[in-house]
1. How far apart, in nm, are the 7 Å Cα→Cβ label points at GLN43 and MET219?
2. For segment 159-176, take each phi angle, set θ = phi - 60°, evaluate the Karplus expression 6.51 cos²θ - 1.76 cosθ + 1.60, and give the result in whole Hz per residue in order, putting x for glycine and proline.
Amino acid sequence: MIDSLFNSFASDTTLTLQQALLTFGIAILLGGIISWTYMKTQQGFSPSFTLTMMVLPTIVAIIILLIGSNIARAFSLAGAFSIIRFRSAPGDSKDISYVLFSMAAGLACGVGAYGYAALFTLGLCGLMFVLKGLRFGAVKSPVKTLKITIPESLGYEEAFDEVFRKFKVDYELKRVRTTELGSLYEVMYAIKLPPGADQKELLDAVRTRNGNLDITLTMSPVTQEY
């Protein structure tokens with residue numbers, strides 16, 4: 001019984017209703033597990049992407065079932081899918097790994113290797129939770145962007161060195177530009193705050209130095225404008 005779950009139907013040329021329903025149900029179940037794992041391990045996830053993770057294994061499994069061992073069907077489906085153009089916002093590498101994960105689960109279901117599909121799905125989902133718990137690859141001190149407007153009478157090169165040293169801030173001056181027809185300067189720093197640093201006290205110290213002009217602290221800049 002257990003061994004039969006790890007056998008493949010790839011050699012079968014006929015598709016039965018029982019086999020199709022079993023493949024369909026297991027693919028939906030594995031897609032739900034993958035989607036739930038993604039929601040629990042990813043912050044700021046997109047609802048449309050979680051839905052994609054839910055149905056992608058089923059779609060791949062159906063395609064594999066329809067192809068079977070028929071080479072003509074394989075070439076026909078390859079030609080049909082080659083005319084499809086996908087347009088979406090680029091995601092990060094973690095999203096791409098989940099897409100490949102879902103496709104692999106659907107492929108395993110499509111060839112009838114239900115035991116391997118369930119085994120690898122549960123194993124990889126468990127690995128995702130372990131990596132999240134260990135914060136593997138996470139940046140302990142994320143880089144923040146600090147934009148400060150200063151009057152032209154204040155030298156921008158060393159204007160805030162004393163403040164940064166007081167709060168033990170690791171900083172680097174990235175850009176300087178003039179505003180208000182040259183009457184003001186806008187300086188931009190890439191900074192790393194030490195653990196437990198009080199951001200409000202830092203900004204208050206900067207305000208007393210720049211004459212209470214505009215200050216912008218970006219917590220997690222997506223792109224750096226240098």
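Here, each number is a calculation from the coordinates, and none is a lab measurement. Being a predicted model, the structure only gives us computed values, none of them experimental. Positions of Cβ are generated from backbone atoms using ideal geometry, with glycine treated the same way; all protein chains shown enter the neighbour counts.
1. Each label point lies 7 Å from its Cα, and together they span 0.8 nm.
2. 5, 10, 4, 5, 5, 5, 5, 4, 9, 6, 9, 7, 9, 8, 6, 9, 7, 9
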